Amino acid sequence: MGRTGTLAKSAVAVAVLAGALLLLFRSGSLPRADFVFVNSTTPASLDPHKVTGTPEGRLLRALFEGLTIGDPATLAPRPGCAERWEVSADGLVYRFFMRPGLQWSNGDPLNAHDFEWSWRRCLEPATAGKYVNLLWSVVGAREFNRGDIPWDQVGVRAISDAVFEVRLAQPTPWFLSLTEFYPLFPLHRASVEAAERDGVTFTSPERLICNGPYLLAERWLRDRIRMVRNPKYWNVDTISIETIDALAIESDNTALNLFVAGEADWSGSHGDSASFSAMQNEYFDGCPCVERSSTPGAAPPMFNIANRTARPMVALARCPGPNAP
């Protein structure tokens, strides 16, 4: 290898090292978030109409809210952006009545037309949504996605700012539960279209306009995402945690060590068997906020965490554990 090749390799190595040091400096300069959790990996995207992963879903449920939300104890649909709904006797027509005074994080009003535009975007062939098939029970949805019919033949429409109607081709008992799933979250049309015109992503911290309990404050590749409480959220008075960090940690053992060191409050992983067993008796036994559960075929045993407003999870949570997003 010649001198030029050696110098080029050295330059690349220095650049990588400098980037790593800069990332460490930036994250170290932040005060610790009120709640820190290990989110496995860097999210592929924060576009709810395109992603499919669990790490993305955790973040999107903090940043956005659909027509309904899942009850933390039963998972049954309960009012979200829609304060109530009506279902026809044959189970084919759903009418959602929007909460009055809903706002996007920038103060713009949020209404039924935002949901119609967003569901249309989800179904557009150009969006290439991975979960588009969830709407196949809606009249005309499959045909629109194939490009066979215009939008006005699809059973989705905003009757007014306050009323959103969906017509189904056949009864779908789980349809209400679908309305709390992130592919059917609303997006802020003006900001999405402006980003497309500018040739940039609308999901950057300076551009992302949300309607959920949290806002995107910082996003550092392969490091963390920081979210802060959204003062425009309709139910903001119930949100007690001001800041949340989601760490992009793919190593199970690193996640466990961060938890033990007090640098993470929740992790969906407990590390490998040897690491967990070594710490089990010294650190975890007797902790009053965790209940050990035996999972067939699971070794070592995991902990079932039931936070105050979060659904039960198989994970590690700090004692006492704040609410997971």
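Out of the residues in region 117-129 that are part of a loop (DSSP other than H, G, I, E, B) and touching a helix residue (DSSP H, G or I) at 6+ places or on another chain (Cβ under 8 Å), state the one that is surrounded by the most Cβ atoms within 10 Å (Cβ to Cβ).
First pass over region 117-129, keeping only residues part of a loop (DSSP other than H, G, I, E, B): 124, 128-129.
Next, from what is left, pick out any that are touching a helix residue (DSSP H, G or I) at 6+ places or on another chain (Cβ under 8 Å): 124, 129.
Values: Glu124: 16, Gly129: 22.
Here the answer is Gly129.
Looking only at region 79-97, filter to residues that are closer than 14 Å to Glu180 by Cβ and aromatic (Phe, Trp, Tyr); which one of those is surrounded by the fewest Cβ atoms within 10 Å (Cβ to Cβ)?
Within region 79-97, the match that is surrounded by the fewest Cβ atoms within 10 Å (Cβ to Cβ) is Trp85.
So which of Phe164, Phe185, Phe181 is among the aromatic types (Phe, Trp, Tyr), more than 22 Å from Asp108 (Cα to Cα), out of contact with any Leu (no Cβ under 6 Å at 6 or more places or on another chain) and in contact (Cβ under 8 Å) with a residue 40 or more places away in the chain?
Values: Phe164 fails: more than 22 Å from Asp108 (Cα to Cα); Phe185 fails: more than 22 Å from Asp108 (Cα to Cα).
Matching residue, one of Phe164, Phe185, Phe181: Phe181.
Kindly evaluate Leu110 against the criterion of being modelled with pLDDT of 95 or more, of a type outside the set (Lys, Arg) and in contact with a His (Cβ under 9 Å, 6 or more places away or on another chain). Let's see the steps before the verdict.
On the way: modelled with pLDDT of 95 or more: yes; of a type outside the set (Lys, Arg): yes; in contact with a His (Cβ under 9 Å, 6 or more places away or on another chain): yes.
It is true that Leu110 is modelled with pLDDT of 95 or more, of a type outside the set (Lys, Arg) and in contact with a His (Cβ under 9 Å, 6 or more places away or on another chain).
Please go through (1) assigned to a loop (DSSP other than H, G, I, E, B); (2) of a type outside the set (A, V, I, L, M, F, W, C); (3) over 22 Å from the mean Cα position of the chain (by Cα) for Asn106 and return the number of the only condition it doesn't satisfy.
Among (1) assigned to a loop (DSSP other than H, G, I, E, B); (2) of a type outside the set (A, V, I, L, M, F, W, C); (3) over 22 Å from the mean Cα position of the chain (by Cα), Asn106 violates only (3).
Across region 67-83, what is the total count of residues that are in a loop (DSSP other than H, G, I, E, B) and of a type in the set (D, E, K, R)? Outline the logic, then answer.
Step one: list which residues in region 67-83 are in a loop (DSSP other than H, G, I, E, B), which gives 67, 71-76, 80-81.
Now narrow it down to the ones that are of a type in the set (D, E, K, R): 71.
Qualifying residue count for the region: 1.
Hey, among the residues in region 37-66 that are more than 25 Å from Pro125 (Cα to Cα) and not in a helix (DSSP H, G or I), which one's nearest to the chain's Cα centre (by Cα)?
Asn39
Somewhere in region 142-157, is a residue without any contact (Cβ under 8 Å) to a residue 24 or more places away in the chain and on the phi > 0 side of the Ramachandran plot?
Yes, some residue in region 142-157 is without any contact (Cβ under 8 Å) to a residue 24 or more places away in the chain and on the phi > 0 side of the Ramachandran plot.
Take the residues of region 67-78 that are within 17 Å of Ile239 (Cα to Cα) and crowded, with 17+ Cβ neighbours inside 10 Å: which is modelled with the lowest pLDDT?
Result: Gly70.
Would you please name the residue that is modelled with the highest pLDDT, looking only at residues in region 182-222 that are polar (S, T, N, Q) and out of contact with any strand residue (DSSP E or B) (no Cβ under 9 Å at 6 or more places or on another chain)? Can you show your working first?
Start the filter on region 182-222 by keeping residues that are polar (S, T, N, Q), which leaves 191, 201, 203-204, 211.
Adding the requirement that they be out of contact with any strand residue (DSSP E or B) (no Cβ under 9 Å at 6 or more places or on another chain) leaves 191, 201.
On the way: Ser191: 98, Thr201: 95.
Among those residues, the one meeting the criterion is Ser191.
Filter region 37-56 down to residues that are modelled with pLDDT of 95 or more and touching a helix residue (DSSP H, G or I) at 6+ places or on another chain (Cβ under 6 Å) and give me whichever is surrounded by the fewest Cβ atoms within 10 Å (Cβ to Cβ).
Among them, the one singled out is His49.
The values are calculated or read from the model by the stated rules, or taken from the named source; none is laboratory data. Only a predicted model underlies this, so the values are computations on that prediction, with no experimental measurement involved. Note that each Cβ is placed from the backbone with ideal geometry, even for glycine, and that neighbours are counted across all protein chains shown.
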